[in-house]
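The values are calculated or read from the model by the stated rules, or taken from the named source; none is laboratory data. Predicted, not measured: the structure shown is a model, and the values here were computed from it. We place every Cβ from the backbone using ideal geometry, glycine too, and count neighbours over all the protein chains shown.
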Amino acid sequence: MIMRIRGVVLPEREERTFWVDGERLRSEPPAGAAAKRVETVVDGGWLLPGLVDVHTHPGAESPDDRFDEALLRRHLSEHRDAGVLLVRTPGTAERMPGWVDTETELPRVRSAGQWLATPGRFFPGAGRDIGEDELAAAAVEEATAASGWCKVIGDWRWDEPAVPLDVLKATVDAVHAVGGRVAVHCQTSEGSHNVRLAHEAGVTVLAGTDTFPCGTVATESQWLLRAGMPAEEALGAASWTARAWLGLPGLIDGAPADLVAYDQDPVAEPAALGQPKRVILRGRIVR
Ligand SMILES: [Zn+2]
């Protein structure tokens, strides 16, 4: 059986038809399709290349909990069932087990190794505690051991200074030099921005939950909308924009067959975003 999908692709707003060929989407019937039964599994509606949560910490629900692989599996399943087919995990208590990169039933994971915490910043013992002079080397180590990312706790208490700018800059330079990327935690007014102003200044704003239950990034997209982002960009922040930022294409010929489908246009009806009618991951129907 070959699956066929038809619908209006966002953000292009173009009606397209795809065939699922293994784990890929094709805009023409794959070779040999004529001899097989073709089943249309999405017929109309709106199509997104999956939802994305760029800030989630599956595997432990609080800084005091031990990282647990069974819980990791459950959290990733919750993301998938809600149509979240790609996640970035900026920091965990332990590095991700190898199976997250090969498990075909679960969302794609881009991980950042252990949280890197310098003295006085973060929950003691929850991440990897290091001196400021060790930060650059540790960041390179985590990014190399994980899927290219590392996570630095940039600030913590509102009345304590953030990681000094020269230390952070040297760390970012060192990680970029090995082809990695740096995620930085910031929560003080010194370290963070107003969402709408950031968007207007050209900063790429993406949706991440940083909380539980997993699978709720649709709500985060609605918060971005309420904070003043235009509706289509607030939606892209939880889907195609985040996916491109993590290196994956939208719904085009040859793209991974990851897709969520809706009866209603989720730009016009943001409340529909959390309830996709159809979820397909790596060419397999999730629901
Ligand atoms: Zn976080």
**Request:** Would you please name the residue that is nearest to the ligand (Cβ to nearest atom), looking only at residues in region 188-225 that are more than 18 Å from Leu48 (Cβ to Cβ), in a helix (DSSP H, G or I) and touching a residue at least 24 places away in the same chain (Cβ under 8 Å)?
**Result:** Val195
**Prompt:** Are any residues in region 223-259 touching a strand residue (DSSP E or B) at 6+ places or on another chain (Cβ under 8 Å), among the aromatic types (Phe, Trp, Tyr) and surrounded by fewer than 16 Cβ atoms within 10 Å (Cβ to Cβ), and if so, which ones?
**Reply:** none
**Message:** Could you go through region 181-193 and let me know if any residue there is more than 30 Å from Thr102 (Cβ to Cβ) and modelled with pLDDT of 95 or more.
**Reply:** no
**Request:** Please state which one of Thr102, Thr89, Thr40 is assigned by TED's automatic domain parsing to the domain that holds Arg157, β-branched (Val, Ile, Thr) and exposed (fewer than 14 other Cβ atoms within 10 Å of the Cβ).
**Result:** Thr102
**Prompt:** Of the residues that sit in region 165-187 and are at negative phi and small (Gly, Ala, Ser), which one is nearest to the ligand (Cβ to nearest atom)?
**Reply:** Ala183
**Prompt:** Which one of Pro213, Pro266, Pro276 is in contact with a helix residue (DSSP H, G or I) (Cβ under 8 Å, 6 or more places away or on another chain) and not assigned by TED's automatic domain parsing to the domain that holds Ile153?
**Reply:** Pro266
**Asked** Does region 194-224 hold any residues that are more than 17 Å from Pro90 (Cβ to Cβ), modelled with pLDDT under 95 and of a type outside the set (S, T, N, Q), and which are they?
**Response** Val195, Arg196, Leu197, Ala198, His199, Glu200, Ala201, Gly202, Trp223, Leu224
**strands (runs of 3 or more DSSP E) lying entirely in region 1-79 (those with 3 or more residues that are more than 23 Å from Gly98 (Cα to Cα) and away from the ligand (no atom under 16 Å from the Cβ))** = 2-9, 14-21, 24-26, 38-48
